[in-house]
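Let me begin by presenting the structure, written as structure tokens, before commenting on it.
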Amino acid sequence: MKKHHIYKISVVIVILDQLFKFLVRTNMNVLESHFLIPHFFNLTYVQNEGAAWGMFRNATIFLIFISVVAFFCLLSFIRDEKQWNLPKIISFGFILGGLLGNLIDRIFYHYVIDYLDFRILGYHFPVFNFADITIVVGVFIIAIEIIRSEVHEYRSRKK
């Protein structure tokens, strides 16, 4: 895979994210829940006017600004980075696509459409969406790659 695949992955992520959100927005009322797995997983339509865990509620302009800055920082890093491997390409595609998916919501609706609602061991997680998952998975892959690289470098120095 080459660097330009990052953009292809991000486009697929944005299309899927917006499709899922469209289906939720057009088939459910706000705060409506469908219990898919009782006491574990619901589909709940939430209009999130903040960021994760409700932070920065009603700070749409600020969140759009932060998202746009993050978008251009990512593009700059992608442009300048010389060494790419499959995990890095996938992770940056996931992060870029997730960021754009949520940014589209903030720009057009002034909130992010969330719908994945989990309760695990009595804890009710904040409702989230597909774009959020791709961002978290992308960051997780990058973290694993950094750790793997550091371990490899440490082992190489030790020899």
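Once the chain from residue 7 to residue 108 is taken as fully extended at 0.36 nm per residue, the excess over their C-alpha distance is 34.2 nm.
Dipole check for region 41-109: with +1 at the C-beta of Lys and Arg, -1 at the C-beta of Asp and Glu, and the Cα centre as origin, the magnitude is about 100 Debye. Here's the picture: charge each Lys and Arg Cβ at +1 and each Asp and Glu Cβ at -1 in region 12-159, and of 50, 112, 71 the one pushed furthest to the positive end of that dipole is 71. So if R0 is 22 Å, what FRET efficiency would residue 137 and residue 53 give, r being the distance between their Cβ atoms, rounded to the nearest 0.05? Given R0 = 22 Å and the Cβ-Cβ separation, E is 0.75. Each of residue 29 and residue 118 was given a label point 7 Å from its Cα along the Cα-to-Cβ line. The distance between the two points is 2.9 nm.
Taking 116, 96 and ordering them by how much accessible surface each has at a 1.4 Å probe, largest first, produces 116, 96. Under 27 Å Cα to Cα from residue 158, which lysines show up? Leave out anything in the same chain fewer than 8 places away. By straight Cα distance, residue 158 reaches 82, 88. Working from label points 7 Å from Cα in the Cα-to-Cβ sense, the residue 64 to residue 148 distance is 3.9 nm.
Accessible surface of region 37-104, 1.4 Å probe: 73 percent of it comes from carbon and sulfur atoms. Couplings 3J(HN,Hα) of region 32-43, computed from phi: 6, 10, 10, 7, 8, 10, x, 6, 9, 9, 10, 9 Hz, in residue order, whole Hz [Karplus 6.51 cos²θ - 1.76 cosθ + 1.60, θ = phi - 60°; x for Gly and Pro]. Applying both filters, DSSP loop and at most 15 other Cβ atoms within 10 Å, to the GluC sites (Glu not before Pro) of region 11-90 gives 32, 81. Its residue count N fixes a reference of 2.2 N^0.38 Å for region 6-58, and the Cα radius of gyration divided by that reference is 1.39. Derived scalar couplings between HN and Hα for region 53-67 equal 6, x, 5, 6, 4, 6, 10, 4, 4, 4, 5, 5, 4, 4, 5 Hz in order, rounded to whole Hz, by the Karplus curve 6.51 cos²θ - 1.76 cosθ + 1.60 (θ = phi - 60°), x for Gly and Pro. Entry comment: accessible area of region 55-159 is 63 Å² per residue, from protein heavy atoms only and a probe of 1.4 Å.
Once a ≥ b ≥ c are taken as the square roots of the eigenvalues of the Cα gyration tensor of region 114-159, is the result rounded (a/c under 1.5), prolate (a/b larger than b/c) or oblate (a/b not larger than b/c)? Note, shape of region 114-159 comes out oblate.
How would region 77-158 be classified by its alpha-carbon gyration tensor: rounded, prolate or oblate, with rounded meaning a/c under 1.5 and the a/b versus b/c comparison settling the rest?
The shape class here is oblate.
The values are calculated or read from the model by the stated rules, or taken from the named source; none is laboratory data. Bear in mind that the values here come from a model prediction, so they are computed numbers and not experimental data. Using ideal geometry, Cβ is built from the backbone for each residue, glycine included, and neighbour counts are taken over all protein chains shown. Surface areas here come from the heavy atoms of the whole protein model, side chains and all, with no ligands, DNA or RNA. Shrake-Rupley method; radii C 1.70, N 1.55, O 1.52, S 1.80 Å.
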